[in-house]
1. Only one of these is assigned by TED's automatic domain parsing to the domain that holds residue 313, surrounded by 17 or more Cβ atoms within 10 Å (Cβ to Cβ) and among the acidic types (Asp, Glu): 282, 291, 236, 258. Name it.
2. Name the residue, out of 191, 201, 182, that is in contact with a strand residue (DSSP E or B) (Cβ under 6 Å, 6 or more places away or on another chain) and of a type in the set (S, T, N, Q).
3. For the range 69-83, which positions are touching a Lys or Arg at 6+ places or on another chain (Cβ under 6 Å) and part of a loop (DSSP other than H, G, I, E, B)?
4. Within the bounds of the range 258-267, is there any residue that is in contact (Cβ under 8 Å) with a residue 60 or more places away in the chain and under 25 Å from the mean Cα position of the chain (by Cα)?
5. Return yes or no: is residue 163 in a loop (DSSP other than H, G, I, E, B), surrounded by fewer than 17 Cβ atoms within 10 Å (Cβ to Cβ) and modelled with pLDDT of 90 or more?
6. For a quick check of your reading: which strands (runs of 3 or more DSSP E) sit entirely within the range 246-348 and have at least 1 residues that are among the aromatic types (Phe, Trp, Tyr) and under 17 Å from residue 235 (Cβ atoms)?
7. Can you tell me which residues in the range 168-224 are of a type in the set (A, V, I, L, M) and closer than 16 Å to residue 316 by Cβ?
8. Checking residue 69 against (1) more than 18 Å from the chain's Cα centre (by Cα); (2) modelled with pLDDT of 85 or more: exactly one of these is not met. Which one?
Amino acid sequence: MNNCNFIKIVLRKIPFKVILFLIFIILLGCSKIDNNLEISNHDFAIYLLKDPNLKISDILTFELVNQDSLSLAEIELQQYPWLTENDIQMYDFSSHLLYLKHSKYDYLPEPVQLDVPSSWYNKPFMVVAGGLRRYVGIFRGFYAEDAWSVPVIDCSYNFLYPEDLLVISWQWFNHDDTDNRNDSVVMEALNKASILHSGLNLKLKNIGFPENSDTATVEYTFTLINYDVDDLYILDPEKMGSGLFHYYNIGPQFVKSDGLGVRTASFHKPVIPQPSGTWNPDWFIKLNSGDSITRTVSLRGYPFFPSGIYYCETTYQCIKKIPKTQRTLSDGRYWIGPTKSNLITIQF
């Protein structure tokens, strides 16, 4: 008996409904394979979700709520990504700043007042790397429906950057263990696409309290290490002074172990550059690739610190509005931040 006759005999003995079911399963599997192939065509991509009504609350859950979250594999994505490695000149992994090849407004479906259409506000996006779904984030407008600890493309915050820069930010205290942007698979995919730049590493070393009255003073030491292949020009507090440095940098942030809320130098009055909005190349120091600098800075303007245990981190920022035409020098480039430090524990 040849193979064709054997198959015909087998098919006659299988109920027609079973055959239809098997065909459905095969077609469903093919559609999933096609979808995965579409995703795997890119080393790095940001996708919008297929269902415009799907909220971040449908994907994530509060820790105190006893319900299942929607897994990344279950989320249907739009057929084509919003951004891919082909749209990106470089990705700074220390600031998670995307240096786009064109204006970010060129990648939007309609003209906007700020950075993305208002219909995207509070909607999730997904980062895919190496064909794998890595994490979800959210587009944030002027208001947010809920506070979810996920990476954010903040429309009003991105407005502070030039048109070719887009930042995926982390707006929460203590990013060490929970910041999905630092995913190793994403890093490997960016490296494979030849768009990865390591940028700066910020290490918070010491915290002191020279004055702890109604208006407290904090003295802190930090080290910046240039892990990038490029030589970088960065803001130096020794060149510009503490007051002007803290116009661009808010200084250390503290959370008391038995309390809520973040303690910052809210009473600090920074020095405002004159004229407002201008910047001076003399404020910068060149940090060669592989080198580091350490600086100690004082910042007055914190509320009184009661005795106890505090968790502390800081953020280092540089000037955001450096246009593309001025960003690259003959011997390096201006680094644009921010980047977060490690978390340290203090008891006094």
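1. Result of the check over 282, 291, 236, 258: 236.
2. On the way: 191 fails: in contact with a strand residue (DSSP E or B) (Cβ under 6 Å, 6 or more places away or on another chain); 182 fails: in contact with a strand residue (DSSP E or B) (Cβ under 6 Å, 6 or more places away or on another chain).
It is 201.
3. Hits for the range 69-83 are 76, 78.
4. Taking the range 258-267 as the starting set, the residues that turn out to be in contact (Cβ under 8 Å) with a residue 60 or more places away in the chain are 262.
Next, only the ones that are under 25 Å from the mean Cα position of the chain (by Cα) stay: 262.
Yes, there is a match, as at least one residue in the range 258-267 is in contact (Cβ under 8 Å) with a residue 60 or more places away in the chain and under 25 Å from the mean Cα position of the chain (by Cα).
5. Yes; evaluated as a whole, the condition is true for this residue.
6. Details: elements: 253-256, 284-287, 292-302, 309-313, 332-334, 344-347.
Per the criteria, 284-287, 332-334.
7. 200, 202, 204, 207, 218, 224
8. Only one criterion in (1) more than 18 Å from the chain's Cα centre (by Cα); (2) modelled with pLDDT of 85 or more is unmet by residue 69, namely (2).
The values are calculated or read from the model by the stated rules, or taken from the named source; none is laboratory data. Keep in mind that this is a model prediction, so the values were computed, not measured. Note: ideal-geometry Cβ built from the backbone for every residue, glycine included; neighbour counts use all protein chains shown.
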